[in-house]
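Visitor: Dumping the structure here so I can ask a few things about it.
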Amino acid sequence: MARIGRRKLLKLTGVGALAASSGGIAAILAAGRAPAYAQGASVHWLRWNDFIPASDELLKKEIAPAAEKALGFKLNIETINGNDLQARTTAAIQSGSGPDVICGLNNWPQLYPESVVDVSDLAEEIGKAQGGFYEESKVVANDGRKWIAVPWCVLGAMIVYRKSWFAEAGFDKFPETWEQYRDAGKKLKAKGRPIGQTLGHTFGDAPTFTYPYLWSWGGKEVEADSKTVVLDSKAAVDSVKFMTAFWKEGHDEGGLAWDDTGNNRAFLSGTICATLNGASIYLLAKGKPDTYQDEKGKPIFEDLAHAPLPKGPAGQFGYHLPMSNMLMGYSKNQKAAKEFIRWITSKEVYQRWFDSQKGYSVGATTVWEKDKLWDADPVMLPFRAAARAGRFPGYAGTADRKAAEGLSKYLITDMYAKAVQGMPAEDAVKWAHEEFVKIHA
Amino acid sequence: MADYALTQRPVYVGAPRRGPVTRLLEDERWLALVLLLPTMVLLALFIAYPFVKGVELSVTDAKVGVPGVFVGLNNFIALAQDSIFRVAVWNTVVYTAVTTVFKLAFGLWLALLLNRHFKGKALTRAFVLLPFIIPTVLSTFAWKWMFDPTFSVINWALFRLGLITGRINWLGDPDLALISVIIVNIWRGVPFYAISLLAGLQTISPELDDAAAIDGARPWQRFWHVTWPLLLPVTMVVVLFSIIQTFADFQLVYVLTGGGPANATQLFATYAYQIGIGTGLLSQGAAISLAMFPVLLVVVIVQLLYIRRVETL
């Protein structure tokens, strides 16, 4: 066997070659600046992995080259798991380096107001050109004085349900009130087809149900002053009592453990009759009609429809996930990054991305309600103007950091989760109320 | 040149010429310091600095992107009144205590079995390590599927065996959820105990065991009076490491339950993450993390004292 000496090994493995040619760390240190690849005009955009993979493909394969052509600088698009975005953002802000633009979820811009650039002129310009922003998009991206992010889109949350199963139970139309929905749930669960709803610690499907549910009963966290906690109310206690009974009578009890994908799996496998979700269940089933079929062997998507959360004594509400682009304060390419946001949010460019979403997310501005996309598939129609009924956690106050604290501690969700696990309704509400008082102290 | 050198020869002929540095290093105290310096720099950089930074954060009101001002012990006072924090403390204690006992028992049992001679010994030992080798996030995802309320293979098997009629809500029931994360932690931790204790067992001379056997000691007596005392120092170190790791565990709960349902599986680390990263309240997150420190410090001191006592016996 031939012996390979240390020098030969270095030569063979290109590590040696690389170290030799670049002069290694010593050369970089001597030059006193970062290696060349970190420089040059380019914009780094960080987003989540889209639930509609075709959109990510479009961004990376078509939009990025188009951006280079139109704007004259390179666009790096990075996508990561939605659950990891916040850790990445925190690390970037604390270390003062990272993506130039971060597409944040929820009210994250309100968590980092000191670390983002004022983009009022740009947001006003886009809002004016595209029929104005939805209230929900505005409250998360505007701190009351200026725009701290440019709204990007809103992810509609609707109940997706099995038409034929509801019809069999005597509901040709989807229930309009919580009473009717509970009645339907009772009948359907008796047939082994319960309603599926997560009450677990998961950022999407849990709060987008529990907050609007609370609002529809007239409950809220705080008054408009964002200080006075008023959760402990008759409305909230009533809502919890109703939920506890509704849960036992009509829900799949496995829901306490689901994350954002748990209900998708249960629904597509035919174990639940309805669940609050984005349009991903329907779009996935429609995309793979041979994979997702009902008990009769027919494509399941043909039996699906969407409906908003039912009405309560105080009205009908929704909480749809808003996304907005933050221009990061540490960015060294702020001018280019701002140009990029202006370009990508412009009607022509945004249109391509909007089309690829097929209605999974709607625009942050009202102009997109008029798009021809909505003529294509009547099942997607309920999403068209969904964002109009949207409120954001922190209601009746502002969507500030304290609202986010309550949201990320899952206080409202846990209030219901505790009750369905046996805690008396009054105690569960009191517990959540006291936690909110501590947050607002 | 040579002549010059000869004429200039100093009086103290025997000793070679020394520079000031060499002279300094002749002094053992300075030499020790120089030799320790690289380690000290590494420790300061990677252990002391983050620790000090953590302490500093926990006594301010720092948020992401805002340095914050000194607020004394306010964050800790707020924690004392935080009901979720109290739940997290209790959960962490239960989680650590229960898993440590089981991991030690199973690990020791496995180590004793693996210490025997049998065919395919090397292969079995390699297999035992698998749960420890697979990245926790990956294996936890597999467990998540096994505990899935709808598709649980465990429920399926129990149902088919006729042991259950309804399904078990593994991650949805508060008590079962904590038991579930405990089971996964034990599964992941046993190989670490087994292999470390096996290494300890192999340092014990078989002659001691043989001698005891000749004297008529039964297997249990041989284990209790010969093997166990000799294995104790290794066991203590393994338990020490394990407690520290389990107490600060994060990935397992984060993937499996996210701390839910209703905080039933919330641990120190997951709660610290939720507050520090999820809400951007870095100072409070740091305070939660730091609240672990006194407990771990006591554990370390007690165990190190114990090890020292065993060593001096």
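Visitor: Within segment A:176-197, is even one residue closer than 16 Å to B:Gly172 by Cβ and either touching a Phe, Trp or Tyr at 6+ places or on another chain (Cβ under 7 Å) or outside the structural domain of A:Lys241 (by TED's automatic domain parsing) (or both)?
Guide: Yes.
Visitor: Residue under question is A:Gly270, and the condition is that it be on the phi > 0 side of the Ramachandran plot and small (Gly, Ala, Ser); does it hold?
Guide: Yes; evaluated as a whole, the condition is true for this residue.
Visitor: Going residue by residue through segment A:339-350, is there one that turns out to be under 20 Å from A:Ser137 (Cβ atoms) and basic (Lys, Arg)?
Guide: Yes, segment A:339-350 contains a residue that is under 20 Å from A:Ser137 (Cβ atoms) and basic (Lys, Arg).
Visitor: Which of the residues that make up segment B:162-173 are of a type outside the set (S, T, N, Q) and within 12 Å of chain A (Cβ to nearest Cβ)?
Guide: B:Gly166, B:Arg167, B:Ile168, B:Trp170, B:Leu171, B:Gly172, B:Asp173
Visitor: Let me ask something additional. Determine the pairs where a residue that is without any contact (Cβ under 8 Å) to a residue 40 or more places away in the chain and on the phi < 0 side of the Ramachandran plot, located within segment A:99-123, has a partner that is of a type outside the set (Val, Ile, Thr) and part of a loop (DSSP other than H, G, I, E, B) with Cβ atoms under 6 Å apart, the partner being 6 or more residues away or on another chain.
Guide: If the second residue must be of a type outside the set (Val, Ile, Thr) and part of a loop (DSSP other than H, G, I, E, B), the pairs left are A:Pro113/A:Asp143; A:Asp118/A:Lys146; A:Ser120/A:Lys146.
Visitor: Report the residue count in segment A:280-311 for those that are out of contact with any Pro (no Cβ under 9 Å at 6 or more places or on another chain) and small (Gly, Ala, Ser).
Guide: Qualifying residue count for the region: 3.
Visitor: Scanning for something under 30 Å from B:Leu178 (Cα atoms) and either among the small types (Gly, Ala, Ser) or away from chain B (no Cβ under 14 Å) (or both), does segment A:153-170 turn up at least one residue?
Guide: Within segment A:153-170 (the criterion being under 30 Å from B:Leu178 (Cα atoms) and either among the small types (Gly, Ala, Ser) or away from chain B (no Cβ under 14 Å) (or both)), the answer is no, since none of the residues qualifies.
Visitor: Sticking with this one: For segment A:53-60, state whether one or more residues are under 23 Å from A:Thr261 (Cβ atoms), touching an Asp or Glu at 6+ places or on another chain (Cβ under 9 Å), small (Gly, Ala, Ser) and part of a helix (DSSP H, G or I).
Guide: No.
Visitor: Could you tell me whether segment B:173-186 includes any residue that is assigned to a loop (DSSP other than H, G, I, E, B) and of a type in the set (A, V, I, L, M)?
Guide: For segment B:173-186, residues assigned to a loop (DSSP other than H, G, I, E, B) and of a type in the set (A, V, I, L, M): absent.
Visitor: Here's something else I'd like to know. I'd like to know if segment A:290-300 contains one or more residues that are more than 20 Å from the chain's Cα centre (by Cα) and assigned to a strand (DSSP E or B).
Guide: Looking through segment A:290-300, at least one residue is more than 20 Å from the chain's Cα centre (by Cα) and assigned to a strand (DSSP E or B).
Visitor: Filter segment A:345-356 for residues that are surrounded by fewer than 23 Cβ atoms within 10 Å (Cβ to Cβ) and within 20 Å of A:Leu85 (Cβ to Cβ) and give the result. Walk me through how you get there before you give the answer.
Guide: Kept after step one, since they are surrounded by fewer than 23 Cβ atoms within 10 Å (Cβ to Cβ), are these residues of segment A:345-356: A:346-356.
Answer for segment A:345-356, where residues must be surrounded by fewer than 23 Cβ atoms within 10 Å (Cβ to Cβ) and within 20 Å of A:Leu85 (Cβ to Cβ): just A:Trp353.
Visitor: Could we say that A:Ala70 is aliphatic (A, V, I, L, M) and at pLDDT 95 or above here?
Guide: no
Visitor: Now, a different point. Considering only segment B:174-193, I want to know if a residue exists there that is among the acidic types (Asp, Glu), crowded, with 20+ Cβ neighbours inside 10 Å and within 14 Å of chain A (Cβ to nearest Cβ).
Guide: No, that holds for no residue.
Visitor: Condition first: of a type in the set (A, V, I, L, M, F, W, C) and out of contact with any Ser or Thr (no Cβ under 9 Å at 6 or more places or on another chain). Now tell me which residues in segment B:78-96 satisfy that.
Guide: B:Ala78, B:Leu79, B:Ala80, B:Ile84, B:Phe85, B:Val87, B:Val89, B:Trp90, B:Val93, B:Val94
Visitor: Looking at (1) within 22 Å of B:Arg188 (Cβ to Cβ); (2) more than 14 Å from every other protein chain (Cβ to nearest Cβ); (3) modelled with pLDDT of 90 or more, can you tell me which one B:Met292 breaks?
Guide: (3)
Visitor: Give me a count of the residues in segment A:161-189 that are in a helix (DSSP H, G or I) and touching a helix residue (DSSP H, G or I) at 6+ places or on another chain (Cβ under 9 Å). If you could, list the steps in order and put the result at the bottom.
Guide: First pass over segment A:161-189, keeping only residues in a helix (DSSP H, G or I): A:163-168, A:178-189.
Among the residues that remain, those that are also touching a helix residue (DSSP H, G or I) at 6+ places or on another chain (Cβ under 9 Å) are: A:163-166, A:168, A:178-179, A:181-189.
Going through segment A:161-189 one residue at a time, the tally reaches 16.
Visitor: Name the helices (runs of 4 or more DSSP H) wholly within segment B:85-152 that hold at least 2 residues that are within 14 Å of another protein chain (Cβ to nearest Cβ) and in contact (Cβ under 8 Å) with a residue 24 or more places away in the chain?
Guide: Fully inside segment B:85-152 and qualifying: B:136-146.
Visitor: Could you grab me the full set of residues in segment A:85-123 that are of a type in the set (Val, Ile, Thr) and more than 11 Å from every other protein chain (Cβ to nearest Cβ)?
Guide: A:Val101, A:Ile102, A:Val117, A:Val119
Visitor: Follow-up question, since we're still on this one. Grab the helices (runs of 4 or more DSSP H) fully contained in segment A:340-441, keeping just those with 1 or more residues being away from chain B (no Cβ under 13 Å) and in contact (Cβ under 8 Å) with a residue 24 or more places away in the chain.
Guide: Values: elements: A:347-357, A:373-376, A:401-408, A:411-420, A:425-440.
Passing ranges, in order: A:347-357, A:425-440.
Visitor: Determine, yes or no, whether B:Phe159 is more than 14 Å from every other protein chain (Cβ to nearest Cβ) and free of Cβ contacts under 8 Å to residues at least 24 places away in the same chain.
Guide: Spelling it out, B:Phe159 is indeed more than 14 Å from every other protein chain (Cβ to nearest Cβ) and free of Cβ contacts under 8 Å to residues at least 24 places away in the same chain.
Visitor: From the residues in segment B:241-257 that are crowded, with 22+ Cβ neighbours inside 10 Å and closer than 30 Å to A:Val429 by Cβ, which one is nearest to the other protein chains (Cβ to nearest Cβ)?
Guide: B:Thr257
Visitor: Still on this structure, I have one more. Taking segment A:130-140 as the region of interest, how many residues are in contact with a helix residue (DSSP H, G or I) (Cβ under 7 Å, 6 or more places away or on another chain) and farther than 11 Å from A:Thr398 by Cα?
Guide: Count: 5.
Visitor: Take segment A:162-175 and flag every residue that is out of contact with any Phe, Trp or Tyr (no Cβ under 7 Å at 6 or more places or on another chain) and in contact (Cβ under 8 Å) with a residue 60 or more places away in the chain.
Guide: A:Arg162, A:Lys163, A:Ser164, A:Trp165
Visitor: Step by step: first the residues of segment A:235-280, then only those that are surrounded by fewer than 24 Cβ atoms within 10 Å (Cβ to Cβ) and aromatic (Phe, Trp, Tyr), then the one that is nearest to the other protein chains (Cβ to nearest Cβ). Which residue is that?
Guide: A:Phe246
Visitor: Run down B:Val128, B:Val98, B:Val89 and say which single residue is buried (at least 16 other Cβ atoms within 10 Å of the Cβ) and at pLDDT below 90.
Guide: Result: B:Val128 is the single residue among B:Val128, B:Val98, B:Val89 that is buried (at least 16 other Cβ atoms within 10 Å of the Cβ) and at pLDDT below 90.
Visitor: Filtering segment A:182-201 down to residues that are surrounded by 23 or more Cβ atoms within 10 Å (Cβ to Cβ) and of a type outside the set (A, V, I, L, M), which residue is modelled with the lowest pLDDT?
Guide: Applying the filter and picking the extreme gives A:His201.
Visitor: Here's another thing I want to ask about it. Please enumerate the residues belonging to segment B:58-83 that are assigned to a strand (DSSP E or B) and free of Cβ contacts under 8 Å to residues at least 24 places away in the same chain.
Guide: B:Val66, B:Phe70
Visitor: Residues of segment A:45-63 being surrounded by 16 or more Cβ atoms within 10 Å (Cβ to Cβ) and either within 14 Å of chain B (Cβ to nearest Cβ) or of a type outside the set (Asp, Glu) (or both), which ones?
Guide: A:Trp45, A:Leu46, A:Arg47, A:Trp48, A:Phe51, A:Ile52, A:Ser55, A:Leu58, A:Leu59, A:Ile63
Visitor: Among the residues of segment A:222-233, is any assigned to a helix (DSSP H, G or I) and surrounded by 19 or more Cβ atoms within 10 Å (Cβ to Cβ)? Even if it seems obvious, please write down each step before you answer.
Guide: Initially, segment A:222-233 is screened for residues assigned to a helix (DSSP H, G or I), giving none.
Within segment A:222-233, none of the residues are assigned to a helix (DSSP H, G or I) and surrounded by 19 or more Cβ atoms within 10 Å (Cβ to Cβ).
The values are calculated or read from the model by the stated rules, or taken from the named source; none is laboratory data. This structure is a prediction, so every number in the text was calculated from the model and none was measured. Cβ sites come from the backbone with ideal geometry, for glycine too, and all protein chains shown count toward neighbours.
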